[in-house]
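First up is the structure itself, then whatever we jot down about it.
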Amino acid sequence: MNGMETATRRVIQALTENQLMMIYGDYDVDGTCSTALLYLFLKELGANVDFFIPKRLTDGYGLNKTGIDYAKEIGASLIISVDCGITAVDETEYAKSLGMDVIICDHHQPKDSIPDAFAVLDPLKPECNYPFPYLSGAGVAFKLAQGISERIGKRDLPLKYLDLVALAAAADIVPLIDENRTLVKEGMAQINSNPRP
């Protein structure tokens, strides 16, 4: 996926240097599953990580100043947005002006201008040649986890989070074909055999 090498290198740097990362999610099922997936995965790697999910009625949708200010307040050096961010051009610039890097993991259609983030992962991004463009937000977050795992030699580590990918895909109504079908099938098997509390 376009941007993956840059994104994984930055996350691994944050892991190695014990930098605080903040997962910036969304309030729907896909967004909360994406947040949980990446948070739990990074925690398992020993990361210094926090999360923020905006309140729908007061904060609105997507990356916003409130969440970015929270990231700055807690001392985060890296914000990773999941299931949002592909249209957050001004918000990305604001985060950068406060000295934070931003990695965007989204699956929504970009506008004419892509945010100037440290890395942007979105299979719908024009220069992305990822072979399956219809992943959920959690699907893109899972791909980031896979990319990180591949680089650190723990390839199978993210597979335990496929239940969250399956739930997100079903709730977000992405087409259950091709890669999504496989992700959901494997995730549903986990839900049926070993459900999370």
By residue number, the members of the range 142-175 that are open to solvent by 80 Å² or more (accessible area, probe 1.4 Å) and either assigned to a helix (DSSP H, G or I) or hydrophobic (A, V, I, L, M, F, W, C) (or both) are E150, R151, K160, L167, I173
When (1) more than 20 Å from R9 (Cα to Cα); (2) touching a Ser or Thr at 6+ places or on another chain (Cβ under 9 Å); (3) of a type outside the set (G, A, S) are applied to Y94, the one that fails is (2)
- request: For the range 101-124, state whether one or more residues are outside any loop (DSSP other than H, G, I, E, B), open to solvent by 10 Å² or more (accessible area, probe 1.4 Å), acidic (D, E) and within 19 Å of I80 (Cα to Cα).
  value: yes
With the first residue restricted to the range 173-197 and required to be without any contact (Cβ under 8 Å) to a residue 12 or more places away in the chain, and the second required to be open to solvent by 100 Å² or more (accessible area, probe 1.4 Å) and among the polar types (S, T, N, Q), Cβ contacts under 8 Å at 6 or more apart or on different chains are none
Flagged in the range 12-51 as surrounded by fewer than 22 Cβ atoms within 10 Å (Cβ to Cβ), in contact with a Ser or Thr (Cβ under 9 Å, 6 or more places away or on another chain) and under 19 Å from D106 (Cα atoms), in numbering order, are F51
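Evaluate the range 42-56: report whether one residue or more is part of a helix (DSSP H, G or I) and modelled with pLDDT under 95.
Looking for residues that are part of a helix (DSSP H, G or I) and modelled with pLDDT under 95, one finds at least one in the range 42-56, hence yes.
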When you scan the range 114-135, do you find a residue that is on the phi > 0 side of the Ramachandran plot and in contact (Cβ under 8 Å) with a residue 12 or more places away in the chain, even just one?
no
Q) Being farther than 19 Å from K185 by Cα, over 17 Å from the mean Cα position of the chain (by Cα) and at pLDDT 95 or above, is that true of even one residue in the range 132-149? A) no
Looking across the range 176-194 at residues that are at pLDDT 95 or above and closer than 17 Å to L40 by Cα, the single one that is surrounded by the most Cβ atoms within 10 Å (Cβ to Cβ) is G187
Of those in the range 1-11 that are outside any helix (DSSP H, G or I) and out of contact with any Asp or Glu (no Cβ under 6 Å at 6 or more places or on another chain), the residue most open to solvent (accessible area, probe 1.4 Å) is M1
* Some residue of the range 63-86 being within 25 Å of A170 (Cα to Cα) and surrounded by fewer than 23 Cβ atoms within 10 Å (Cβ to Cβ) -> no
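The values are calculated or read from the model by the stated rules, or taken from the named source; none is laboratory data. For clarity, every value in this text was computed on a predicted model and none was experimentally measured. Neighbour counts are summed over all protein chains in view; Cβ atoms, including those assigned to glycine, are modelled from backbone coordinates with ideal geometry. Just so you know, the surface numbers come from the protein's heavy atoms only, side chains and all, with ligands and any DNA or RNA stripped out. Shrake-Rupley method; radii C 1.70, N 1.55, O 1.52, S 1.80 Å.
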